[in-house]
Structures are given as C-alpha cells and as structure tokens.
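The values are calculated or read from the model by the stated rules, or taken from the named source; none is laboratory data. All values reported here derive from a predicted model rather than from experimental measurement. Here Cβ is always computed from backbone atoms with ideal geometry, including for glycine, and neighbour counts include all displayed protein chains.
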Amino acid sequence: MMWIMVDERKGPRASVMVDRSEGFGERLLGSLLDRAHRMPPHLIATLIEQEIAVIGGRDVEVLLQDYDQMTLVPLGGARLLVGAPQSIDESLAGRAFRTDKSVERTQDDGVRLFVPLLDGTDRVGVLAFTLDAIDDDGRRLSRRLAGLIADILITKSMYTDRFFQARRQQPMSLSAEMQWQLLPPLMMDTPQVAVAGALEPAYDVAGDSFDYVLNDHVLHVAMIDAMGHGLGAALMSTLAIGAYRHARRFDVGLEDLYAAMDKAIASQFGTDRFATAQMARLDVRSGLLQWVNAGHPAPLLLRNHRIVAELKSPTTLPVGYGGATPMVTERALEQGDRVLFFTDGVIEEDRRDGANGERRLRNLVERVSDLEESVQETVRLLSRALMRERGGVTTDDATLLLLEWRGGTVDHLVNLESLSPAD
C-alpha cells in the first residue's frame, strides 16, 4: 500500500510517496518482537532458533559474555547448540565480540556467521548460525535480527536467573553478586563520548564500584572504593552509589554529591568506616571536565596513546569522615583524549619482583593504548594485563573506568531543524 505524506511547512508540493508495505525482513523482526512480548524466559532460546530457521539458518548458538570478560559461554535451551565455552581472545566468536563486527567462516555445508549481540552499544554476546549462502541482504538482516535478540535477552533477564547462571563459570561471592547488580552497563558509546569499565576479581569483588549516566549534554561518572572486604564493604559501596544517584537526580553540583554520600555513610556506619570516592562531570559538547577527589589516586590523561598528565587536584577526606567541602578542579580536554579512573587496588599490589605499581600501570596503559582498540576493548585488555602481572590473583579489588571525549555531534542522528540553538 502506498501512502501520501505531506510536509505542512512546505505545502502540498512537498508531498512524497512512501512505501509502507511489509517486507520479508519486517515480517521476520515483527514476528520475533510480537511473540517475545509474552514468551516466558525459558522459551526465548527456542524462539530464537525458530526465527533463525525462517531465514534458512541452522545450528544456532547463543554465546553470552562471562563476568570475567575472558570467555563466551553458551546459553542453554531447546534446539540450541550448546558447546564448550569459547575464548574471547582466540576464537571467531570472540573476534565478533571484540570488534562489534560480524565474522564469516566458509565451511563444507555453507557459511557460519558470528554476529555480535549488542544492546545499544553494550556487548551482550554473540549469535552464531549457519546458512547455505550469504549476501548483503542476509548480512543486513542478520545484524538487525541479532540487535533485536540482544534487546530481548536483556529485557527477559529481568524475569529469570537462567541467563545470569549461564554467564557464570565459577561460584560468585555474595558481595560480588551485589556489586554486579549495582553496576550500569559496562560500556556506552556515542558520537560524543564513550565510557567503559572493568572490575576485578570478577567473582569476588566487594568494595569497588562505579557509575555513569549521560544526562543531556553532561556525562556524570563516579568511582567508589569502600573500606574493608567482603559483605560489609559491598553494603557500604551499595549505599554510597545509592546516595550518589539519589543526589545526582536532583541536579546538584559535585560538592553536594560528596555531601550526600558523606552523610549517608556516616549515618549508617559511623565515623570509623569510610569509602574513598571520585566524581566527575564532562560537558560532551565543549570537552570541559570537572572533578572532585575524596582520597582516590589521580586519574591519568591519555592523548595520542600516551599518558600526558596526572589529573591532580586538592583532595578532601573520604566519604563518611565529614571532610571539608571538596574543591572542584577543571581541565579542558582535546578531541580524542581519554581519562582513566582507577582504584588503589590497581597500583598497590606489586609483582613478586617488586615492580612499582604506578610505573607498572603506566607502562601497561601505554602498551595497550598502542593497539588502538575501542574504549571497551582497551579496558578489557588492560584489566587482563594487570591480572597477569599479579600472577592471576589479587588481595584487593582493582577497578578501571575509561572515558573518551570525541567532540562529535549527534545532529546527523535526528532531524534538528525545528530545535532552537539552545537545545
């Protein structure tokens, strides 16, 4: 059916003919979406296999990211292939995951596709299946189908434990469970800014946490390191992040965010317990970075793959101690600049040969940055490298949060003709 669309600002002469007929791809995606609405979570795997079969696909695998960001693990379900976990660094599925691009492997019975499952820009896992042959239409449809499947998996994960259980390759402590439930997505990527984080040890993290949010043109980030280990540290970290989010949603300044967290920790834990904290805000249009420091190591500024500065600033007491109002420090970033926030667990644990933690971090940061990877892949590789340097073990939480200011615009994503310059 053809519809006539009239642009009333330009009059009838601007009328255009728009094809609103339902094509094969729309019917396929519509069928998946319509059926998924009321589908119980345990049948989602079967639904995915059925939809892939409609386009001639077979041998369907759904691989989810393990919490340690080293492995892709299979999601179980009727009619899905359930094989061995696959290395993110050493498999074709892992390449699709790392690069956010589909990978194809020609084999005797057709073409095996590995398509990244992206919830927005956050990496969920990889969809793998085999087709007799592939063309550009098939590639486009596969990408869109994988995107919709990723969204459905994230939505349905709110109603079941099965997806969380599938991602685990080892037992997880209660404190780590609390921290993972508290976290935002590990990555956000927009034309103006990107941010990504990593936590170690993934299955036993306790007092470390981070948060971020993009409110209009301002990116807010925070990093918390609660005193102690185990459940007590996790409870304090949870309270600190909760207080931070609660205050942030009143659009208060960085000083008031500190005060809100300080009051919450002191009222619940007394003045003998504390959490170090660092909070920042980045204007994604201008590149102006503002931050306050409450006992954290200074962030590192990277430009052209090299560390060019420590973002030092006056510090106040950790939250919970009732410190003085923190001073806000500013720095104008250049396009492409990256800022690495980290907790003291990253630098305080030296290798057996006694290498200095700060020097080790700087060397690894520049070595990984030379690979020119995405923000999320840089954080993942850096976290892996730091863990290897520690011999695969750690006695303290080690958390990384990396942001990149790109200085781009989003005008091309929507029609902004009718918006005022102030918008």
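Laid out as a table, the results:
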item: Of all residues making up segment 338-351, the number that are touching a residue at least 60 places away in the same chain (Cβ under 8 Å) and part of a loop (DSSP other than H, G, I, E, B); result: 2
item: Selection count, segment 227-241, where residues are within 9 Å of Gly207 (Cβ to Cβ) and more than 22 Å from the chain's Cα centre (by Cα); result: 7
item: Residue list for segment 355-369, restricted to those being over 18 Å from His296 (Cα atoms), surrounded by fewer than 19 Cβ atoms within 10 Å (Cβ to Cβ) and touching a residue at least 60 places away in the same chain (Cβ under 8 Å); result: Glu366
item: Subset of segment 156-175 that is touching a helix residue (DSSP H, G or I) at 6+ places or on another chain (Cβ under 8 Å), part of a helix (DSSP H, G or I) and in contact (Cβ under 8 Å) with a residue 24 or more places away in the chain - its residue that is surrounded by the most Cβ atoms within 10 Å (Cβ to Cβ); result: Ser175
item: Selection count where residues are hydrophobic (A, V, I, L, M, F, W, C), part of a strand (DSSP E or B) and modelled with pLDDT under 95, scope segment 199-223; result: 1
item: Cross-chain or 6+ apart pairs with Cβ under 6 Å, segment 221-243 first and assigned by TED's automatic domain parsing to the domain that holds Ala294, then of a type in the set (Lys, Arg) and buried (at least 18 other Cβ atoms within 10 Å of the Cβ); result: Met227/Arg273
item: Asp272 being among the acidic types (Asp, Glu) and more than 20 Å from Leu402 (Cβ to Cβ); result: yes
item: Test set (1) of a type outside the set (S, T, N, Q); (2) farther than 26 Å from Arg388 by Cβ; (3) touching a residue at least 12 places away in the same chain (Cβ under 8 Å); (4) surrounded by fewer than 16 Cβ atoms within 10 Å (Cβ to Cβ) - Arg112 fails condition number; result: (4)
item: Per-region count, segment 201-235, residues crowded, with 21+ Cβ neighbours inside 10 Å and touching a helix residue (DSSP H, G or I) at 6+ places or on another chain (Cβ under 6 Å); result: 9
item: Which listed residue, of Ala84, Ala53, is without any contact (Cβ under 8 Å) to a residue 40 or more places away in the chain, hydrophobic (A, V, I, L, M, F, W, C), surrounded by fewer than 18 Cβ atoms within 10 Å (Cβ to Cβ) and over 30 Å from Gln376 (Cβ atoms); result: Ala53
item: Spans of strands (runs of 3 or more DSSP E) in segment 5-94 with at least 3 residues modelled with pLDDT of 90 or more; result: 58-65, 71-74
item: Residue in segment 308-337 that is farthest from Ala240 (Cα to Cα), counting only those that are polar (S, T, N, Q) and either in contact (Cβ under 8 Å) with a residue 24 or more places away in the chain or assigned to a loop (DSSP other than H, G, I, E, B) (or both); result: Gln335
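Here's the yes/no breakdown for (1) surrounded by fewer than 16 Cβ atoms within 10 Å (Cβ to Cβ); (2) closer than 19 Å to Ala398 by Cβ:
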position	(1), (2)
Leu257	no, no
Ser267	yes, no
Asn293	no, yes
Arg303	yes, no
